[in-house]
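Here the structure is laid out as structure tokens; the discussion comes afterwards.
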Amino acid sequence: MAGDPAADRQALAEVINVGLLWHCLCAITRLEVPERLAAGPLPVADLAAAVSAHPDALRRVLRLVADHHIVTFEQDRVGLTDRGRLLCRDHPSSLSAAFATVGTADVVHGLTDTLRSGRAAAPRVLGMPYWAYLAAHPDQQALFDRSMQQRAQVLSLACVPVLDWPASGTIADIAGGIGTLLVAVLQAAPGAHGILVDQPHVLEHAKPGLERQGVADRCTLYPGDLFVPPPPAELYLLASVLHDWDDHLAARILTALGRSATNDTRLRIFELLLPDDATPHRAKMSDVLMLLMFDGARERTLGQYRALLEGTGWQLEQVVPSPGPMSVIQARRSATS
């Protein structure tokens with residue numbers, strides 16, 4: 001069947017256009033343009049003054065963004081659409097942090113070198129590994145925490161209603177950030193106690209959210225390291241953690257968990273699973289993002305996770321799909337460990 005060269009050319013041209021639009025949305029979100037427009041339309045000159053932008057440059061970018069239904073123009077006044085309001089911080093379905101955080105958009109131009117070397121672009125572009133960059137820039141750490149919260153709302157939280165949760169006992173969320181997933185789990189398991197394990201500078205941002213959601217009295221904040229055995233628990237959660245690490249370091253994380261586990265302990269791993277065939281899947285996009293950001297990081301197939309688990313004393317019990325693209329792998333300690 002013959003292709004359509006004109007259509008193919010247009011399809012490739014659209015890839016360029018989408019890439020440029022992505023950067024435009026990152027730029028206006030970082031300047032807090034959506035926040036300034038949340039209360040109503042403004043003249044471009046007033047908006048530019050409010051966000052410290054060049055009026056003509058801002059007008060030209062917003063003119064493009066308007067073609068994609070993010071803002072509206074009426075004469076020289078610019079307003080925010082419902083879609084554009086998703087770039088405001090206080091929107092319940094906000095994606096603001098995903099566009100505002102220094103991350104993939106800032107390092108993707110290093111992909112050519114990554115393809116040559118196999119090494120992540122982020123350390124070269126940022127001058128240090130990404131985790132070190134966040135630790136050195138508290139404002140970016142706070143944005144990253146919010147972006148992970150927003151990501152969890154789309155991915156991990158969709159898994160909670162399809163899983164059975166223990167009526168009692170302790171559930172520990174390892175590298176659980178500010179507790180977005182653990183809050184949802186504790187609400188689904190009102191008789192359980194939670195432990196939120198993460199670095200101290202992350203945990204200091206977690207307590208207000210736990211209090212707002214009414215679970216602070218059932219949740220212990222535990223400053224910890226991924227590679228050190230955590231406190232004992234009946235159930236461990238690892239959500240979007242293992243994909244940040246190469247196989248050797250992922251195995252060290254699983255081994256550390258195993259040292260605290262008993263024969264009755266269960267482990268639930270929340271990750272995007274790469275298909276074994278050519279089926280399109282969001283995990284493939286995430287896999288390239290991991291390639292850019294962290295040396296050795298990757299999304300994995302179910303078979304690769306099974307091998308990691310078996311090599312560290314865990315036995316895969318079941319895989320639970322969610323309504324979205326994320327799956328949950330449940331494992332227990334193997335009989336020989």
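Structure notes:
- Within the chain, helix-based [θ] at 222 nm, where runs of 4 or more DSSP H residues each add -39,500 (n - 2.57), nearest 500: -13000 deg cm²/dmol
- Remark: the chain carries 50 Å² of accessible area per residue (probe radius 1.4 Å; ligands, DNA and RNA excluded).
- For the chain, averaging the sequence separation of C-alpha pairs within contact (under 8 Å, six or more residues apart) and dividing by the residue count gives a relative contact order of 13 percent.
- Whole-Å distance, taken between Cα centres, linking the range 217-291 and the range 40-54: 44
- Cβ-based charge dipole, the chain, positive-most Cα from Pro123, Phe227, Pro34: Phe227
- Rounded to the nearest 20, the size of the Cβ-charge dipole of the range 104-216 about its Cα centre is 260 debye, with Lys and Arg at +1 and Asp and Glu at -1.
- Alpha carbon centroid spacing (whole Å) that separates the range 15-30 from the range 70-116: 7
- Within the accessible area of the chain (1.4 Å probe), percent carbon and sulfur: 55
- Debye, to nearest 20: dipole size of the range 172-306, +1 on Lys, Arg Cβ, -1 on Asp, Glu Cβ: 220
- The dipole here belongs to the range 6-50: it is taken about the Cα centre, uses +1 on the Cβ of Lys and Arg and -1 on the Cβ of Asp and Glu, and is about 60 debye.
The values are calculated or read from the model by the stated rules, or taken from the named source; none is laboratory data. Keep in mind that this is a model prediction, so the values were computed, not measured. Note: ideal-geometry Cβ built from the backbone for every residue, glycine included; neighbour counts use all protein chains shown. Calculation scope for accessible area: heavy atoms of the full protein, side chains included, ligands and nucleic acids excluded. Shrake-Rupley method; radii C 1.70, N 1.55, O 1.52, S 1.80 Å.
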